[in-house]
Amino acid sequence: MTAYQSPGESGTGPARGPDPAAYDAVVLAGGAARRLGGADKPGVRVGGRALLDRVLAACAGARATVVVAAPRPTARPVTWAQEDPPGGGPLAALDAGLRHTTAEHVVVLSADLPFLRDHTVDRLLSTLRTSAADGVLLTDPEGRDQPLVAAYEATRLREGLALLSDRHDGLTGLPLRRLIAELDLTRVPDPVASFDCDTWDDIATARARIREHGHVLDEWISAVKDDLGIDLDVDARLLLDLARDAAHGVDRPAAPLTTFLVGYAAARAGGGPDAVAEAARKAAALATRWAEESAAQAQTSGTPPQPDVAPDATPDTRPDAG
């Protein structure tokens with residue numbers, strides 16, 4: 001969707017209220033991407049989804065999400081901000097993003113983290129809330145700090161930025177390490193979630209990894225949900241089992257058609273994981289009854305059940321059918 005809204009517009013601005021568990025997110029999506037030849041890095045697709053959209057999915061629980069970059073279409077609504085002047089560097093961008101947040105805790109992320117997930121964001125926040133530190137950040141496999149995969153106390157972040165701005169007469173061009181040196185930080189090693197895409201080799205590595213066995217199905221489901229605008233967690237194993245039962249107990253084409261009908265029935269029932277589970281349960285029970293009836297009929301007639309055949313091998317569609 002095209003999700004540009006000016007700061008302060010209803011629907012994307014910071015929600016008000018004393019919720020201590022609330023957090024805001026600031027995503028830095030600018031930069032020249034020199035090692036990618038100046039390509040639009042946030043828009044580069046990994047697993048069919050733009051890198052920026054993947055990061056936005058990981059912080060979907062944020063009360064307000066601010067992306068510091070020129071506006072673009074995104075899968076989720078966000079508030080857009082821009083440092084002044086544009087291209088002023090990460091500290092200037094962070095300062096611009098923070099001006100649109102009000103939560104006590106803020107998650108700060110870069111827009112090139114293909115393997116970041118919501119459970120990592122939750123881990124950063126829970127560690128921060130139970131510690132006396134100013135922030136919690138991930139470290140990469142070499143132990144290097146990743147300050148753009150982190151959760152911070154917003155007040156301390158603002159104080160650190162103000163101190164640096166006074167000391168250097170502004171934030172333009174200052175590196176992130178200047179801010180990190182001013183804060184008391186807890187470090188959490190995570191070689192996967194900290195992986196960022198700075199080069200085309202990094203992009204190739206990320207694309208290969210998500211197609212590995214054990215990753216590809218979850219990645220595909222996430223990509224489909226993003227493209228269809230669906231924000232729904234369902235039990236994939238339940239639907240796969242239903243498809244198997246329909247294919248084996250009825251006919252192979254029954255598998256995709258049955259799962260489609262389950263989705264349609266769940267939508268009519270109000271949607272949600274419970275509606276999907278209930279519709280799948282009913283369809284699975286029907287497939288079981290159908291298979292049992294077929295087996296009983298075959299036993300009575302003395303004819304063994306016919307094996308599954310491919311849809312294009314039915315009597316009237318075989319190449320040799322007369």
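Some points to look at:
- Take the conditions (1) assigned to a helix (DSSP H, G or I); (2) of a type outside the set (F, W, Y); (3) open to solvent by less than 50 Å² (accessible area, probe 1.4 Å); (4) free of Cβ contacts under 8 Å to residues at least 40 places away in the same chain; G271 misses just one of them, which is (1).
- Residue check, R129 among the basic types (K, R) and in contact with a helix residue (DSSP H, G or I) (Cβ under 9 Å, 6 or more places away or on another chain): no
- Residues that are of a type outside the set (G, A, S) and either open to solvent by 60 Å² or more (accessible area, probe 1.4 Å) or free of Cβ contacts under 8 Å to residues at least 40 places away in the same chain (or both), drawn from region 77-114: P77, Q82, D84, P85, P86, R99, T102, E104
- Applying the set (1) on the phi > 0 side of the Ramachandran plot; (2) in contact with a Pro (Cβ under 9 Å, 6 or more places away or on another chain) to D202 leaves exactly one unmet item: (1).
- For region 212-232, the set of residues classified as open to solvent by 70 Å² or more (accessible area, probe 1.4 Å), assigned to a loop (DSSP other than H, G, I, E, B), in contact with a helix residue (DSSP H, G or I) (Cβ under 8 Å, 6 or more places away or on another chain) and without any contact (Cβ under 8 Å) to a residue 24 or more places away in the chain consists of I230 only.
- Whichever residue in region 131-166 is buried (at least 16 other Cβ atoms within 10 Å of the Cβ) and small (G, A, S) and, among such residues, is farthest from H119 (Cα to Cα): S165
- For region 112-139, taking the residues that are under 13 Å from the mean Cα position of the chain (by Cα) and among the aliphatic types (A, V, I, L, M), the one that is farthest from P189 (Cα to Cα) is identified as L113.
- No other residue among D202, D169, D196 is surrounded by 20 or more Cβ atoms within 10 Å (Cβ to Cβ), at pLDDT below 95 and among the acidic types (D, E) apart from D196.
- Counted residues, region 185-198 - those being of a type in the set (V, I, T) and either assigned to a loop (DSSP other than H, G, I, E, B) or without any contact (Cβ under 8 Å) to a residue 40 or more places away in the chain (or both): 1
- For region 79-103, taking the residues that are part of a loop (DSSP other than H, G, I, E, B) and within 22 Å of the chain's Cα centre (by Cα), the one that is nearest to D169 (Cα to Cα) is identified as T101.
- Here P73 meets each of (1) buried (at least 16 other Cβ atoms within 10 Å of the Cβ); (2) under 30 Å from W220 (Cα atoms); (3) in contact (Cβ under 8 Å) with a residue 40 or more places away in the chain; (4) of a type outside the set (D, E) with one exception, condition (1).
The values are calculated or read from the model by the stated rules, or taken from the named source; none is laboratory data. Please read these numbers as outputs of a predicted model, since none were measured by experiment. All Cβ positions, even for glycine, are placed from backbone atoms using ideal geometry, and neighbour counts span all protein chains on display. Just so you know, the surface numbers come from the protein's heavy atoms only, side chains and all, with ligands and any DNA or RNA stripped out. Shrake-Rupley method; radii C 1.70, N 1.55, O 1.52, S 1.80 Å.
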